[in-house]
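Presented below is the structure to which this report refers.
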Amino acid sequence: MHDWAFVSVDLELTNLCENRCAVCPREALLRPTGVMDPQTFLEIARALGEQKSLVSLSGMGDPLLHPHVFDFCRELRGRGADVVVLVNAGSLARCADPEDLVLAGPNSIAVSFPSSREEVFHRLCPGVSFEQALAATRTLARLARGRVLVRVSGIRTRINADEGPDFTRFWKAEGVQAGITACHGRG
């Protein structure tokens, strides 16, 4: 008889973020900011790999800001973990080469793209270019096709409560899986 355990973990590699999303509670956090030490990561990766865990590289920070994020993704996959990388559309737009994310080999990449309506997107992600975020997400989807699953997640708020069907159609036309959920209070 096998002793089976399935573990699903959100692993925050950093709590640094350059985005100023309107729905994010980051400003209320009082803990110090920084990045996870590689040695700490290796200890965690060992345990999660042994459990064949589902590891979401996410948290209150932008995983793409960790200097070792792609190495960490490969390490987790090499140890047998399933990996999902959650990225903000604004972060993706600033990513030097989105193919590096694909080549890191996660099982999937979830792009937080709050709204397919430009005016709503700008209210929810002030300071982020809708056009650049859209272009970066399209590029990622093209690079990942047949290699890594990419899905786009939107959020439903008071200002876009009726957007669900339009959001799904918009991304389906782009050949990308998508869904929109109620705004959550992660913090």
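The values are calculated or read from the model by the stated rules, or taken from the named source; none is laboratory data. Not measured: the values here are computed from a predicted model. When we count neighbours, we look across all protein chains shown, and the Cβ atoms used for this are built from the backbone with ideal geometry, even at glycine. Remember, those area values only see protein heavy atoms, side chains included, never the ligands or the DNA or RNA. Shrake-Rupley method; radii C 1.70, N 1.55, O 1.52, S 1.80 Å.
List of remarks:
- Members of segment 74-93 found to be in a helix (DSSP H, G or I), within 17 Å of residue 15 (Cα to Cα) and either over 16 Å from the mean Cα position of the chain (by Cα) or of a type outside the set (A, V, I, L, M) (or both), listed by number: 90, 91
- Residue among 124, 149 that is in contact with a strand residue (DSSP E or B) (Cβ under 8 Å, 6 or more places away or on another chain), open to solvent by 60 Å² or more (accessible area, probe 1.4 Å) and in contact (Cβ under 8 Å) with a residue 40 or more places away in the chain: 149
- Residue check, residue 158 more than 13 Å from the chain's Cα centre (by Cα) and surrounded by fewer than 19 Cβ atoms within 10 Å (Cβ to Cβ): yes
- Test set (1) over 16 Å from the mean Cα position of the chain (by Cα); (2) of a type in the set (D, E, K, R); (3) within 30 Å of residue 47 (Cα to Cα) - residue 131 fails condition number: (3)
Here's the yes/no breakdown for (1) hydrophobic (A, V, I, L, M, F, W, C); (2) in a loop (DSSP other than H, G, I, E, B); (3) in contact with a helix residue (DSSP H, G or I) (Cβ under 9 Å, 6 or more places away or on another chain); (4) at pLDDT 85 or above:
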residue: 32; (1), (2), (3), (4): no, yes, no, yes
residue: 43; (1), (2), (3), (4): no, no, no, yes
residue: 47; (1), (2), (3), (4): yes, no, no, yes
residue: 70; (1), (2), (3), (4): yes, no, yes, yes
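- Hits in segment 127-142 (condition: in contact with a helix residue (DSSP H, G or I) (Cβ under 6 Å, 6 or more places away or on another chain) and either touching a residue at least 60 places away in the same chain (Cβ under 8 Å) or open to solvent by 10 Å² or more (accessible area, probe 1.4 Å) (or both)): 128, 130, 132, 136, 139
- Unique residue being under 30 Å from residue 164 (Cα atoms) and open to solvent by 30 Å² or more (accessible area, probe 1.4 Å) when the list is 26, 74, 79, 46: 26
- Across segment 98-120, a minimum of one residue is classified as under 23 Å from residue 181 (Cβ atoms), open to solvent by 50 Å² or more (accessible area, probe 1.4 Å), touching a residue at least 40 places away in the same chain (Cβ under 8 Å) and more than 13 Å from the chain's Cα centre (by Cα).
- The one condition in (1) surrounded by fewer than 18 Cβ atoms within 10 Å (Cβ to Cβ); (2) modelled with pLDDT of 95 or more; (3) of a type in the set (A, V, I, L, M); (4) closer than 30 Å to residue 160 by Cβ that residue 84 fails to fulfil: (1)
- Segment 49-59: number of residues that are more than 11 Å from residue 13 (Cβ to Cβ) and either at pLDDT below 90 or open to solvent by 30 Å² or more (accessible area, probe 1.4 Å) (or both): 5
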